[in-house]
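Below is one structure, written out as structure tokens, with a few remarks after it.
Each value in this text was obtained by applying a stated rule to the coordinates, not by laboratory testing. Worth saying up front: this structure is predicted, and the values here are computed from it rather than measured. Glycine also receives a Cβ, built like all others from the backbone with ideal geometry; neighbour counts cover every protein chain displayed.
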Amino acid sequence: AREILRLMRQEGVTPDEISYNTLLDAIAKSAHTKGDEAFHEGVAALEEMKTNGIAPSHYSYNALLNCAAKGASQRGNREWVSRGLSVLQMMQSDGVAPDVVSYNVLIDACSRAAGVKGSRGRVEEGLLVLQRMQEAGIEPDVVSFNSLIDVCAKAARVWGSVGVSQACRVMGMMAECKVEPDTMTFNCLLNAHAQAAGAGQGFFGGW
């Protein structure tokens with residue numbers, strides 16, 4: 001994709017916001033295999049946009065957040081979630097308010113990281129993102145909660161009933177926010193129970 005931008009300039013055609021957003025999307029799609037390299041490429045592309053007088057939009061920043069999320073599925077470490085939070089700060093510094101998609105992508109990063117490590121820490125990070133989302137005045141939607149329940153389900157692979165308990169807690173938060181669960185919600189909850197059973201702790205009461 002970068003080669004195409006280079007050819008555009010050679011032909012005297014100036015890349016616009018769509019050009020850079022397409023580049024960022026391509027970089028994000030490569031992050032699950034390229035990891036660190038992809039994230040740094042994304043940051044460089046965003047900075048190049050600004051240098052060329054093109055203001056990044058929500059789409060631009062969300063593509064970079066998606067890059068962090070996909071990188072989390074490769075490494076599964078805390079650093080990727082921290083990188084996502086740093087992108088949110090970058091957005092705010094540039095006068096672009098994160099939207100529901102921004103926060104949902106970051107919760108998805110926690111889910112992908114949990115898929116690698118199965119760590120209870122990913123649940124805490126996901127809950128922190130949800131808290132920041134609400135503090136920013138953005139109402140979480142069904143995707144937000146489904147992703148968070150998925151984090152709990154993946155954590156249940158290692159932590160058993162603790163993961164299920166956290167999933168039930170998220171279901172309670174969902175009800176408090178008056179967000180209606182869908183099929184995916186209950187599938188994620190069932191998966192939490194199944195993962196706990198696989199960890200040798202079986203099913204227990206609750207949702």
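Within the chain, helices built from complete DSSP H runs that reach 24 Å or longer along their own axis (Cα positions) and carry a mean Kyte-Doolittle hydropathy of 0.0 or higher are 100-117, 142-159.
Sorting Lys34, Lys70, Lys154 by the number of Cβ atoms found within 10 Å of their own Cβ, with the fewest placed first, yields Lys34, Lys70, Lys154.
Largest mean-square fluctuation among Ala68, Ala197, Ala153, in a Gaussian network model of the chain whose springs join Cα atoms under 10 Å apart, belongs to Ala197. Treating r as the C-beta distance of His58 and Ser82 and R0 as 25 Å, the FRET efficiency rounds to 0.75. Applying Stokes-Einstein at 4 °C and 1.567 mPa s to the Kirkwood radius of the range 153-197, computed over alpha-carbon pairs, gives a translational diffusion coefficient of 125 µm² s⁻¹. Across the chain, Cα-Cα pairs farther apart than 20 Å form 57% of the total.
Subtracting the Cα-Cα distance of Gln92 and Phe186 from 0.36 nm times their residue separation leaves 30.4 nm of extension gain. Entry note, the chain: the mean residue ellipticity at 222 nm calculated from DSSP H runs of n ≥ 4, each adding -39500 (n - 2.57), is -26000 deg cm²/dmol after division by the residues and rounding to the nearest 500. Across the range 120-202 the C-alpha pair distances fall into 10 Å bins from zero in the proportions 21, 52, 23, 3, 0 percent.
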